[in-house]
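A short write-up of the structure that comes next.
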Amino acid sequence: MLIRELTWPALELAWHWPSTAITIAAVLAIAVAAHVLVRLGISRTLTQWEKRRDARAAQSHPKSSRGVRLATLDSGRTIQRTRAIAALLKSLWTFLLVLLVVLTVMATLGISLAPLLTSAGVGGLVLGIGAQSLVKDYLSGVFMVLEDQYGVGDQIKVGDITGTVEDVNLRITRLRDPSGLVWYIRNGEIVRVGNVSQGHSTGLIDIPVAYDADVAQVTEILQRVVAEVEADAALSSQLLEAPQLLGVESVSATTMTLRILIKTPPNQQYEPMRDIRERAMAALNAASVPGPNLVPGLVPGLIPQI
């Protein structure tokens with residue numbers, strides 16, 4: 001019996017890539033879409049995170065005006081940090097996307113990338129050696145933002161310079177000291193920084209009286225002053241917590257010093273400190289509490305006749 005073999009003609013499928021112009025246009029369209037979607041995603045994630053952070057802060061603090069101020073202060077500081085991180089991520093994404101698009105377009109045009117990448121590697125090595133301080137500045141700026149060491153509006157101390165932060169970027173920090181002088185400090189040169197504005201500020205009010213004054217009487221008077229401050233809506237609204245009378249802070253041959261502690265929003269402690277100091281001195285004078293002596297052995301409050 002004769003068996004006939006059936007053969008089928010081979011099917012050859014060939015894919016022809018569109019023209020170079022169409023390829024480049026597609027790459028650019030995809031890059032623009034990816035750029036918009038990623039930036040939009042970062043912005044929406046930040047918005048949702050801020051809402052959840054506000055809700056958690058409102059639950060963690062008492063529902064009072066002081067609790068609301070604490071929640072707002074904590075939330076504002078965290079939001080400032082997250083926005084800085086979001087801006088950093090957007091900039092990094094834009095840089096990487098542009099680099100990828102450029103390399104893809106060059107490959108589409110038939111340009112060999114090997115010599116270019118080799119030259120870029122050598123050039124990057126030379127640039128890295130010659131610009132070590134610049135790289136150090138940028139890396140320090142990145143970690144400064146991520147770690148939330150300070151931000152615009154904070155009062156900080158860098159070395160022997162104390163001032164208010166006016167601008168922060170990845171390379172430099174701009175400060176203005178109390179005399180109005182503007183300082184530009186490279187981030188890579190900041191080894192140690194002190195921040196007096198992060199979270200809250202505290203004020204220490206020292207009240208001096210004669211060293212042999214009645215401690216119980218002075219304590220009672222200052223406790224009444226503290227209670228009056230807490231009951232004063234205008235002054236209490238400037239405080240994050242009720243003032244605390246810490247008691248006797250120091251005793252010398254001529255003076256006994258009592259201390260009051262207050263907590264305020266960042267850099268807002270000076271006016272309440274002045275007000276409380278005036279109230280305390282007025283109350284002590286009204287109660288005839290003797291003031292500190294200038295010379296040991298003199299009767300408190302009396303000035304010798306010369």
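Key figures
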| read-out | value |
| --- | --- |
| Relative contact order (%) - the range 145-210, alpha-carbon pairs under 8 angstrom, separation at least six | 28 percent |
| Note, ³J(HN,Hα) from phi for the range 239-245, Karplus 6.51, -1.76, 1.60, rounded to Hz, x at Gly and Pro | 10, 8, 9, 5, x, 10, 8 |
| Paired Rg and Dmax values of the range 157-297, which use every Cα atom, in angstrom | 19.5, 61 |
| Residue-wise HN-Hα coupling along the range 280-287, computed from phi with Karplus coefficients 6.51, -1.76, 1.60 (Hz; x: Gly, Pro) | 5, 5, 5, 5, 5, 5, 5, 8 |
| Separation of the Arg192 and Ser112 label points, Cα + 7 Å toward Cβ, nm | 5.6 nm |
| Counted charge near Asn187, where neighbours are those whose Cβ lies closer than 9 Å (Asp, Glu -1; Lys, Arg +1) | +1 |
| Residue-span extension gain [Asp160 to Trp49] - 0.36 nm each, minus C-alpha spacing | 36.2 nm |
| Contact order normalised by residue count of the range 148-306, Cα under 8 Å, 6+ apart, percent | 22 percent |
| Simple spin-label estimate for Val32 and Leu170 in nanometres, 7 Å along Cα-Cβ | 2.6 nm |
| Förster radius 41 Å - calculated FRET efficiency between Gln223 and Phe95 (Cβ-Cβ, nearest 0.05) | 0.10 |
| Cα-Cα over 27 Å, subset of Lys51/Lys157; Lys90/Lys263; Lys51/Lys90 | Lys51/Lys157; Lys90/Lys263 |
| The range 201-286: relative contact order as a whole-number percent, Cα under 8 Å and 6+ apart | 44 percent |
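No value in this document is a laboratory result; all are computed from the given coordinates. Values in this document were obtained by computation on a predicted structure and should not be read as measured data. Every residue, glycine among them, receives a Cβ derived from its backbone with ideal geometry; neighbour counts consider all protein chains shown.
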